Amino acid sequence: MGSRSKKLKKPRQEYYYATTAGKVTSFKIEFDPRTGQVALVDSAPNSERVTKEYHRKNKDKITTSAPINKFNITHDATTNIIHNFDHLFAIDTNTATINGKTISVASIYYMKERLITYKNIIQFDYKISYLIVNPKQGINPETIGWNILFKRHYNNEYFETTKYSLGVIVDSELGKHNAINNRLEPFYGNILLPSNVKLIYASADNPNDSLATAMISLCDRVSSGILENLRTTPLNLPIATNGDENFDGYFFLYPNDTSPKPGVTKFNFTSG
């Protein structure tokens, strides 16, 4: 009796994208063979991006997409992210209807140290989860989670936000990232991103593709675990009153309240 063959992972490709500052009939790309750095001459400000993708029948799947200020052709997506950001957060929000209430759970992972200090192994930790009560229909619960992250953590964490760049890894609103990152469009209500923050897109379905996918996948796993626990052992929630016009309110959960148990995780990469 023959055994079932293991499904092969689809080959990944990494791309560098940039937009010209205006309409052109030709463009020039510079490559420095000494450093491996590539740049589109006269690119529009803040238009450069590195992605990791694989081919699908109808549409290619993007697993990682990160805005960058400089791109190195000899580096993979993870190392390019490391060379363009000082700190990273990741947040993922999952939603379910439980006992007649719409509940969203936003879970956060982060790094205690600056990215540049890591060599070959990057360590990141679970931070906290937020339980969001009754997000309004038509409002993306992911953006509610982003707003809570900035309200509660941006000015209160270990990193000095006036000095360092912060990448926030999410798995939603990819088509709006360029406008949000350039502060041409708010990420929630009428709120713009802080000046030193940019959103990074990563797919939670591909945890081994990059540092960004590893972090967002852990956020997704924790949020899913909390929702699964709530289905079998519902929390006796107090009335939520700290929300805005888009949801009733939110509560925070500590690591020992969640399943699976989150903790310190490491990601191996090739330093460059």
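Details
- Total residues in the stretch 26-85 satisfying the condition of being among the aromatic types (Phe, Trp, Tyr) and within 12 Å of Glu14 (Cβ to Cβ): the figure is 2.
- Beta carbons closer than 8 Å, at least 6 apart along the sequence or on distinct chains, pair a first residue in the stretch 189-214 that is over 18 Å from Gly175 (Cα atoms) and among the aliphatic types (A, V, I, L, M) with a second that is part of a strand (DSSP E or B) and open to solvent by 10 Å² or more (accessible area, probe 1.4 Å) for Leu211/Phe267; Ala214/Thr265; Ala214/Phe267.
- Criterion applied to Leu131, Leu184 was being surrounded by fewer than 17 Cβ atoms within 10 Å (Cβ to Cβ), over 15 Å from Leu88 (Cα atoms) and not acidic (Asp, Glu), and the one residue passing it is Leu184.
- Test: residue in the stretch 58-75 that is open to solvent by 20 Å² or more (accessible area, probe 1.4 Å), touching a residue at least 60 places away in the same chain (Cβ under 8 Å) and not in a strand (DSSP E or B): yes
- Condition check for Thr97: of a type in the set (Val, Ile, Thr), touching a strand residue (DSSP E or B) at 6+ places or on another chain (Cβ under 8 Å) and under 27 Å from Asn196 (Cβ atoms): no
- Residues of the stretch 185-196 satisfying the condition of being out of contact with any helix residue (DSSP H, G or I) (no Cβ under 8 Å at 6 or more places or on another chain) and at pLDDT below 95: Ser195, Asn196
- Across the stretch 200-238, the number of residues qualifying as surrounded by fewer than 23 Cβ atoms within 10 Å (Cβ to Cβ) and under 23 Å from Ser47 (Cβ atoms) comes to 1.
- From the list Ile29, Ile62, the one residue that fits, being under 28 Å from Val222 (Cβ atoms) and hydrophobic (A, V, I, L, M, F, W, C), is Ile62.
- Here Gln123 passes the criteria (1) surrounded by 17 or more Cβ atoms within 10 Å (Cβ to Cβ); (2) within 17 Å of the chain's Cα centre (by Cα); (3) farther than 25 Å from Asn46 by Cα except the one numbered (1).
- Scan the stretch 106-151 for residues that are assigned to a helix (DSSP H, G or I) and either free of Cβ contacts under 8 Å to residues at least 12 places away in the same chain or among the acidic types (Asp, Glu) (or both) and the total you get is 3.
- In the stretch 78-105, residue nearest to Ser165 (Cα to Cα) [restricted to those that are touching a Ser or Thr at 6+ places or on another chain (Cβ under 7 Å), in a strand (DSSP E or B) and open to solvent by 20 Å² or more (accessible area, probe 1.4 Å)]: Asn94
- Test result for Phe27, hydrophobic (A, V, I, L, M, F, W, C) and either open to solvent by less than 20 Å² (accessible area, probe 1.4 Å) or touching a residue at least 40 places away in the same chain (Cβ under 8 Å) (or both): no
- Evaluation of Lys9 against (1) over 19 Å from the mean Cα position of the chain (by Cα); (2) in a strand (DSSP E or B); (3) under 26 Å from Arg221 (Cβ atoms) (one fails), failing number: (2)
- One residue from Ser172, Ser107 being hydroxyl-bearing (Ser, Thr, Tyr), in contact with a helix residue (DSSP H, G or I) (Cβ under 7 Å, 6 or more places away or on another chain) and closer than 22 Å to Asn46 by Cβ: Ser172
- Among residues of the stretch 143-160, those that are at pLDDT below 75 and either acidic (Asp, Glu) or open to solvent by less than 20 Å² (accessible area, probe 1.4 Å) (or both), counted: 3
The values are calculated or read from the model by the stated rules, or taken from the named source; none is laboratory data. Worth saying up front: this structure is predicted, and the values here are computed from it rather than measured. Here the Cβ is made from the backbone with ideal geometry for all residues, glycine too, and neighbour counts use every protein chain on show. To get the accessible areas, we keep the full protein, side chains included, count just its heavy atoms, and leave off ligands, DNA and RNA. Shrake-Rupley method; radii C 1.70, N 1.55, O 1.52, S 1.80 Å.
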